[in-house]
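Asks: Dropping the structure in here first, questions after.
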Amino acid sequence: MGKLTGFLEFDRALPEDRDPKARLADWKEVHGKMAEEDIRKQGARCMDCGVPFCHAGDSSTAPKVGGCPINNLIPEWNDLIYRNRWREALDRLHKTNNFPEFTGRVCPAPCEDSCVLGINAPPVTIKHHEYAIIEKGFQEGWVKANPPRKRTGKKVAVIGSGPAGLSAAAQLNSVGHHVVVFERADRVGGLLMYGIPNMKLEKHFVDRRVDLMKEEGVAFRTGVEVGKDVDPQELKREYDAVLVATGATVPRDLPIEGRDLDGIHFAMDFLGSNTKSLLDSNHADGDYISAKDKHVVIIGGGDTGTDCVGTSLRHGCKSVIQLEIMPKPPLERAPDNPWPEFKRTLKVDYGQAEAIAVQGEDPRQYLQMTQKFTGENGKVKQLHLTGIQWTTNDKGQMVPHPVEGSERVLQADLVLLAMGFMGPEGGLLDQLGVEKDARSNAKAEYGRYITNVDGVFAAGDARRGQSLVVWAINEGREAAREIDRFLTGETVLP
């Protein structure tokens with residue numbers, strides 16, 4: 001390493017976010033900028049630790065240990081940043097990650113949770129460095145289309161243009177296969193386009209990368225739903241291989257009394273319609289679910305719930321509350337959550353910071369369970385809930401129980417269900433004849449990705465269930481390698 005004592009000399013630092021109240025007036029990204037010299041100092045904090053857990057993500061279906069799922073060469077490009085060798089850092093970054101401009105913005109950075117320095121000090125800054133390297137690469141003109149020198153004559157259909165589909169398409173195209181990506185929405189990107197709001201990932205960054213892929217020869221067919229507009233069996237006959245990368249888009253519902261009242265929506269319907277209207281007309285068309293002047297209650301404490309908080313505040317809601325069924329996380333690692341596991345501690349994300357700035361308090365309320373909805377004239381007006389406690393049943397399972405006397409009622413003009421996803425929509429899998437696992441995901445062995453149907457592969461959330469963007473990229477890359485091997489008998493893809 002270039003600065004062996006850097007971790008002793010420099011404190012961890014990140015660019016300051018834009019003022020929480022001020023940024024509610026627009027849909028721009030919330031993060032500020034950092035001087036290049038300061039970024040280089042942060043690169044110097046990367047230790048010569050010997051065993052860099054940061055780039056050794058667990059490859060099981062349910063990862064527990066932290067680390068980068070795509071095995072980014074983090075110590076190498078941190079050192080190159082410190083040495084002011086940005087072009088080389090970019091080359092190292094692109095060796096393992098097709099889309100660092102996405103992960104550098106939206107990844108929760110399990111790499112930082114497993115940083116060796118993080119055992120007893122603030123960990124090395126990694127996520128921001130990934131962002132800084134790729135943005136400097138675009139700024140300097142280093143990131144350019146790189147089409148393959150020759151074509152193999154093999155054709156691959158990729159169903160879904162989210163992070164798994166895009167990464168697979170990029171890899172397969174790089175070795176000369178003709179790749180066509182089918183996307184049922186009107187824009188390319190899947191989750192990246194309509195699942196993640198603009199203030200976390202401005203959509204021109206997605207378009208920028210898609211335009212490069214088009215220059216490299218990847219074809220995109222938007223507004224085309226396989227299974228509806230295109231016969232899946234016809235697709236199998238026309239293409240040498242098919243990859244299912246549709247994501248896990250079936251939301252978890254809350255089938256309780258009053259669920260049929262107007263004003264209760266799935267979070268993705270709320271977020272997706274907001275982004276589409278923003279991009280189509282800057283909200284002038286009114287074709288979205290608005291939180292303006294409403295008391296909003298969000299059920300679910302994860303990233304999607306946070307995105308609903310930030311979006312509701314930008315609409316101009318009267319109030320926003322976020323309900324979480326789990327206990328409040330601790331401020332420090334608990335004994336059962338040691339390093340280098342993914343850290344389960346309390347985080348104040350951008351949406352909560354904005355709510356605190358506007359409302360004076362964190363919108364999250366923990367250990368809460370909704371019992372029923374009530375309303376007037378067919379519209380939701382109240383949410384009835386109780387506090388809960390978790391106990392272990394005779395099967396050793398943790399189950400929630402209402403706390404006696406904790407019943408209360410919240411005013412709610414808009415309720416958003418952000419409780420996660422059950423799996424992929426089953427229609428396409430059934431039409432292709434693909435077997436499903438016990439969780440309704442496409443059944444395909446990790447590391448091989450091929451289903452029971454010859455020539456049909458599955459990757460990303462459609463195979464593993466709801467997960468992170470970085471895991472989807474990982475699976476897309478690995479599925480591409482196996483598809484290439486299937487088509488040619490060997491592969492040079494990493």
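The values are calculated or read from the model by the stated rules, or taken from the named source; none is laboratory data. Being a predicted model, the structure only gives us computed values, none of them experimental. Cβ: placed from backbone, ideal geometry, glycine included. Neighbour counts: every protein chain shown.
Asks: Let me confirm something: among Ser319, Ser312, which residue is farther than 20 Å from Pro123 by Cα and touching a His at 6+ places or on another chain (Cβ under 9 Å)?
Replies: Exactly one of Ser319, Ser312 is farther than 20 Å from Pro123 by Cα and touching a His at 6+ places or on another chain (Cβ under 9 Å), namely Ser319.
Okay, residues lined up against (1) over 17 Å from the mean Cα position of the chain (by Cα); (2) among the basic types (Lys, Arg):
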position	(1), (2)
Ala284	yes, no
Lys292	yes, yes
Val296	yes, no
Asp303	no, no
Asp307	no, no
Ser312	yes, no
Cys317	yes, no
Gln322	yes, no
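Asks: Could you pull out every one of the helices (runs of 4 or more DSSP H) wholly within the range 97-203 that has 1 or more residues that are of a type in the set (Ser, Thr, Tyr)?
Replies: 100-106, 127-139, 163-174
Asks: Pairs, please: C-beta under 6 Å, at least 6 apart or cross-chain, first residue under 30 Å from Met47 (Cα atoms) and assigned by TED's automatic domain parsing to the domain that holds Cys46 and in the range 8-32, second surrounded by 12 or more Cβ atoms within 10 Å (Cβ to Cβ) and among the basic types (Lys, Arg)?
Replies: Phe10/Lys41; Phe10/Arg45; Val30/Arg18; Val30/Arg23; Gly32/Arg18
Asks: Which one of these is assigned by TED's automatic domain parsing to the domain that holds Ser319, crowded, with 17+ Cβ neighbours inside 10 Å and either touching a Phe, Trp or Tyr at 6+ places or on another chain (Cβ under 8 Å) or in a loop (DSSP other than H, G, I, E, B) (or both): Val380, Val399, Val348?
Replies: Val380
Asks: Separate question: Taking the criterion of being at pLDDT 95 or above and more than 30 Å from Leu323 (Cα to Cα), would at least one residue in the range 414-423 satisfy it?
Replies: No, because not a single residue in the range 414-423 is at pLDDT 95 or above and more than 30 Å from Leu323 (Cα to Cα).
Asks: What number of residues within the range 12-29 are touching a helix residue (DSSP H, G or I) at 6+ places or on another chain (Cβ under 8 Å) and under 18 Å from Ile126 (Cα atoms)?
Replies: Qualifying residue count for the region: 5.
Asks: Looking only at the range 454-472, decide whether some residue is farther than 30 Å from Asn97 by Cβ and either surrounded by fewer than 24 Cβ atoms within 10 Å (Cβ to Cβ) or touching a His at 6+ places or on another chain (Cβ under 7 Å) (or both).
Replies: yes
Asks: Being buried (at least 17 other Cβ atoms within 10 Å of the Cβ), outside any helix (DSSP H, G or I) and outside the structural domain of Asp307 (by TED's automatic domain parsing): is that true of Val51 here?
Replies: Against the criterion (buried (at least 17 other Cβ atoms within 10 Å of the Cβ), outside any helix (DSSP H, G or I) and outside the structural domain of Asp307 (by TED's automatic domain parsing)), Val51 does not qualify.
Asks: Can you confirm whether Phe220 is touching a strand residue (DSSP E or B) at 6+ places or on another chain (Cβ under 6 Å), part of a strand (DSSP E or B) and either within 25 Å of Ala459 (Cβ to Cβ) or aromatic (Phe, Trp, Tyr) (or both)?
Replies: Spelling it out, Phe220 is indeed touching a strand residue (DSSP E or B) at 6+ places or on another chain (Cβ under 6 Å), part of a strand (DSSP E or B) and either within 25 Å of Ala459 (Cβ to Cβ) or aromatic (Phe, Trp, Tyr) (or both).
Asks: Further question on the same structure: I'm trying to understand the selection: among the residues of the range 306-324, which are touching a Gly at 6+ places or on another chain (Cβ under 8 Å) and not hydroxyl-bearing (Ser, Thr, Tyr)?
Replies: Asp307, Cys308, Val309, Gly310, Leu313, Gln322, Leu323, Glu324
Asks: List pairs: first in the range 353-375 and of a type in the set (Phe, Trp, Tyr) and modelled with pLDDT under 95, second buried (at least 21 other Cβ atoms within 10 Å of the Cβ) and part of a strand (DSSP E or B), Cβ under 7 Å, 6+ apart or cross-chain?
Replies: Taking only residues 6 or more apart or on different chains, not a single pair turns up.
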